[in-house]
Amino acid sequence: MSKAIMQLDELSCPSCLQKIQGALEQQPGVENVKVMFNAAKVKTEFNNDQVQSDQLSKVVTDLGYEVQSIKVKE
Amino acid sequence: MMKFITKHSNQITGVTGALIVLGFMGRLIKVEPVEIAAFAVASVIAAVPIILRAWSALKYKTISIELLVSIAVIGAFAIGEFEESAVVTFLFLFGSYLENKTLKKTRNSIKSLTEMAPTTALVVSEDGSVEEEDVDFVDVDDVVLVKTGAQVPVDGEIVSGHGNLNEASITGESKLVSKGIDDEVFSGTILDNGSIKVRATKVGEDTTFGKIIDLVEEAQDTKSTAEKFIDQFAKYYTPGVLVIALIVGLITRDFRLAITVLVLGCPGALVIGAPVSNVAGIGNAAKNGVLIKGGEVMNVFSKVDTLLFDKTGTITKGETRVAASLDVEPKSEYLPLLARVESESDHPLGMAIVSYADDSDVNYHDLPLHDIDTVKGKGIKAEVDGRQVLIGSRSLLADAGIELTTDQADYLSSLHEKGNSSVLMAINGRLAAILGVADIIRPDVKETLKKLKQLGIKQTVMLTGDNEKTARAVANQVGIDEVQAQLLPEDKVEVVKKLQAEGKTVAFIGDGINDSPSLTTADIGIAMGTGTDVAIDTSDIVLMTSSYDELYHGFAVSKKTVLNTKENIVIAIGTVAFLLMGLIAGFIYMASGMFVHEASILVVIFNAMRLIKFNTKPKQVDEKLTDINSISEPIK
């Protein structure tokens with residue numbers, strides 16, 4: 001299980017939070033998604049064999065939110 | 001495409017606004033083609049980002065507010081209501097822009113904290129060369145160089161050099177601390193002078209400073225029950241509005257009414273009202289040295305009516321010192337002998353006496369010491385420098401046939417009444433001195449307790465393992481209502497449970513590992529920041545500098561925040577009710593509905609922003625603010 005922390009641009013609407021959360025949770029191998037609205041951070045645990053961290057970052061980017069940085073802990 | 005639009009949404013809003021003005025001007029000068037064209041173009045331009053966002057969310061099976069607006073706008077456009085569609089889209093975009101701006105302000109207090117975090121480190125490689133690296137790439141056991149004025153980037157031990165450090169970001173104390181080889185340094189502290197090399201033991205988010213930031217960030221997103229309810233509600237509410245609009249449309253056969261319901265139904269102020277108050281309140285508290293772990297904690301804390309205090313380390317500083325003495329023999333005569341014997345002991349009273357002797361520059365280390373004999377529960381007998389010495393309680397001296405005069409006995413009982421522990425000393429069968437040893441009471445305890453009572457605290461109780469007499473004396477000095485002495489940690493938990501069973505909402509304030517069970521059991525556990533890590537982890541609230549001002553501020557800001565949240569919920573529900581009535585009465589349409597919505601969102605944000613400036617002690621808060629500013633300057 002790896003752990004990724006993404007720093008996003010400011011989130012302004014609580015519904016963005018639901019969108020990001022829902023989208024990431026539907027990715028295979030992703031467990032435990034936590035979107036921190038005020039800190040504009042996403043913390044997630046995922047299975048390295050099923051999905052890569054840059055795929056997760058792409059999901060968020062596709063939703064229209066810039067990912068400033070992503071930290072991954074194995 | 002998506003990125004481009006997100007980046008330029010401000011420009012899009014601007015262009016739409018200009019087109020709408022042009023449209024109204026067209027109407028004013030009665031040139032219908034200009035009017036229609038301007039509104040139509042504005043609708044299309046402004047609708048694109050909204051529809052795209054709605055679509056991307058829909059792809060992940062989420063029904064968003066944007067979807068409601070999109071359908072309404074497309075509908076209005078289809079029936080030729082270009083003015084309505086243009087104004088609705090513009091207000092929606094412009095509203096999000098303003099929300100963004102104002103929300104940023106409510107989050108600023110946390111930003112100023114995270115910006116204090118170090119970003120780069122000078123890593124010393126094995127051949128001695130130094131390279132600047134991003135702090136994320138520093139590993140445990142790397143050696144980093146810290147120069148004068150720079151920030152320590154890791155938690156670690158000094159391997160060479162020494163200097164004075166400003167540890168205000170961790171301890172809240174701005175006094176400089178001198179440190180040398182093998183001493184521990186913390187990430188986020190600033191080297192005021194000197195130059196040190198530090199071997200990293202903890203990096204990044206594992207450092208103490210990283211943990212503090214993490215704690216505050218998590219706290220702001222830890223939802224209260226009310227928020228969780230609203231979140232859950234919003235999840236079904238948004239699709240619900242879609243269904244209701246459909247039903248309304250089918251029954252009334254009024255397409256315009258159906259799409260108006262879509263716009264009016266947007267969950268706006270309700271979703272944002274509660275979280276925005278909590279963010280501002282928690283941010284305010286953090287800035288004033290109080291870490292509150294989430295909105296629910298604030299909620300419960302505001303209802304607390306009973307405060308339980310641990311004594312040592314909480315009411316008092318947990319540092320004993322000699323507070324008074326009656327010198328029968330000159331101090332220079334008895335103190336060296338006394339200190340020599342006590343230097344062999346690790347009893348707290350003994351340590352207080354030794355540091356008293358050290359402070360008085362008494363030389364005692366080389367005195368010959370023989371025949372030490374501990375008399376259980378009474379004291380010590382010994383021979384120092386050829387003289388027979390008795391150190392301990394009154395009964396130890398009485399056993400040896402040494403009686404006190406009336407004056408001496410009065411002095412002794414006055415010491416006890418003030419909460420001091422006493423040490424008597426006799427040399428060669430005659431009383432030499434009576435010393436009072438006291439634990440220092442933290443500043444401002446009495447005043448703070450008084451002010452807390454004005455805010456609604458009904459009862460204060462001190463729980464301590466110490467003896468009844470000392471405990472009562474301390475309690476009397478600070479004005480605590482009730483004392484329960486000679487308690488074991490599990491007895492303290494029982495007291496908490498008993499009070500809870502009586503229907504009281506209890507906060508426990510403590511500092512040690514032994515307090516952890518009580519901290520968890522109480523409705524609210526409050527830890528002294530200078531206490532143990534365990535206490536800080538198990539608590540709900542941490543007072544960073546262990547000051548009573550912080551306790552008061554935390555309580556006051558929690559009450560204010562809860563009130564603010566309620567105000568916001570009332571505003572939000574009031575808005576929805578107003579819109580519904582307006583719709584039925586027929587004076588609210590799509591554009592005016594959107595306007596009221598966006599306005600109500602801004603009202604709740606502005607209401608929450610009042611919390612940012614809330615303070616209980618104007619002067620002191622200002623000093624702390626400048627402190628933070630002066631720290632963050634060198635980093636920028």
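Kirkwood-type hydrodynamic radius, the protein assembly as shown: 29.9 Å, calculated from all non-identical alpha-carbon pairs.
The Rg/Rh ratio for the range B:341-411 is 0.99, where Rg is the radius of gyration of the alpha carbons and Rh is the Kirkwood radius. The Cα-based radius of gyration of the range B:372-481, divided by its Kirkwood radius, gives an Rg/Rh of 1.14.
Where only DSSP H runs of four or more residues are counted, chain B gives -17500 deg cm²/dmol as its mean residue ellipticity at 222 nm, each run worth -39500 (n - 2.57).
For the range B:321-440, what value does the Rg/Rh ratio take when both radii are computed over Cα atoms and Rh is the Kirkwood radius, given to two decimals?
On the way: Rg = 13.1 Å, Rh = 14.1 Å.
Across the range B:321-440, the Cα-based Rg/Rh ratio is 0.92.
Too long at a 28 Å Cα-Cα cut-off: which of B:Lys7/B:Lys293; B:Lys418/B:Lys498; B:Lys202/B:Lys293; B:Lys179/B:Lys381? Each step should come with its number before you reach the end.
Working: B:Lys7/B:Lys293 34 Å; B:Lys418/B:Lys498 30 Å; B:Lys202/B:Lys293 23 Å; B:Lys179/B:Lys381 40 Å.
Violating the 28 Å limit, Cα to Cα: B:Lys7/B:Lys293; B:Lys418/B:Lys498; B:Lys179/B:Lys381.
Could you compute the FRET efficiency for B:Ser195 and B:Phe233, with r as their C-beta to C-beta distance and R0 at 45 Å, rounded to 0.05? The computed FRET efficiency comes out at 0.20.
Given the pairs B:Lys451/B:Lys566; B:Lys105/B:Lys560; A:Lys34/B:Lys59; B:Lys228/B:Lys303; B:Lys492/B:Lys560, which span a C-alpha to C-alpha distance of over 22 angstrom in this model?
Details: B:Lys451/B:Lys566 24 Å; B:Lys105/B:Lys560 18 Å; A:Lys34/B:Lys59 20 Å; B:Lys228/B:Lys303 19 Å; B:Lys492/B:Lys560 30 Å.
Check vs 22 Å cut-off fails for B:Lys451/B:Lys566; B:Lys492/B:Lys560.
Would you kindly give the portion of the calculated P(r) for chain A that falls above 20 Å, as a percent of all Cα pairs? Everything past 20 Å amounts to 17 percent.
Defining a contact as two alpha carbons under 8 Å apart and six or more residues distant in sequence, what relative contact order in percent does the range B:47-150 show? Intermediate values should be presented prior to the final figure.
On the way: 72 pairs, mean separation 15.1, N = 104.
Averaging sequence separation for qualifying contacts and normalising by length gives 15 percent for the range B:47-150.
Shape analysis of the range B:2-107 places it in the oblate category; the axes a ≥ b ≥ c from the Cα gyration tensor give an a/c of at least 1.5, with a/b not above b/c. Computed from label points 7 Å out along Cα-Cβ, the spacing between B:Thr405 and B:Ala324 is 1.8 nm.
Would you mind working out the magnitude of the charge dipole of the protein assembly as shown relative to its Cα centre, with +1 at each Lys and Arg C-beta and -1 at each Asp and Glu C-beta, to the nearest 20 Debye?
Values: 68 positive and 93 negative charges, 748 e Å.
It comes to approximately 3600 debye.
Computed from Cα atoms, the angle from the helix A:53-62 axis to the main principal axis of chain A rounds to 30 degrees. Over all projection directions, the Cα-based convex hull of the range B:120-212 averages an area of 5.1 nm².
Taken about its Cα centre, chain B carries a charge dipole of about 3640 debye when Lys and Arg each add +1 at the Cβ and Asp and Glu each add -1 at the Cβ.
Of the trypsin sites (Lys or Arg not before Pro) in the range B:299-380, the ones in a loop by DSSP (not H, G, I, E or B) with at most 11 other beta carbons within 10 Å are B:Lys376. From the alpha carbon centroid of the range A:15-54 to that of the range B:493-519 is 38 Å.
Farthest toward the positive end of the dipole of the protein assembly as shown, out of B:Leu122, B:Ala485, B:Gly586, is the Cα of B:Gly586, where the dipole comes from beta carbon charges about the Cα centre. Each eigenvalue of the Cα gyration tensor of chain B, multiplied by 5 and square-rooted, gives one semi-axis; in descending order these are 67, 30, 18 Å.
Size of the dipole of the range B:309-369 about the Cα centre, Lys and Arg at +1 and Asp and Glu at -1 on the beta carbon, nothing else charged, in debye to 20? Present the calculation step by step, with values, prior to reporting the outcome.
On the way: 5 positive and 12 negative charges, 54 e Å.
It works out to roughly 260 debye.
Comparing Cα centroids, the range B:309-357 and the range B:24-103 end up 77 angstrom apart.
Computed from the coordinates by the stated procedures, all read-outs in this text should not be read as laboratory data. Bear in mind that the values here come from a model prediction, so they are computed numbers and not experimental data. Note: ideal-geometry Cβ built from the backbone for every residue, glycine included; neighbour counts use all protein chains shown.
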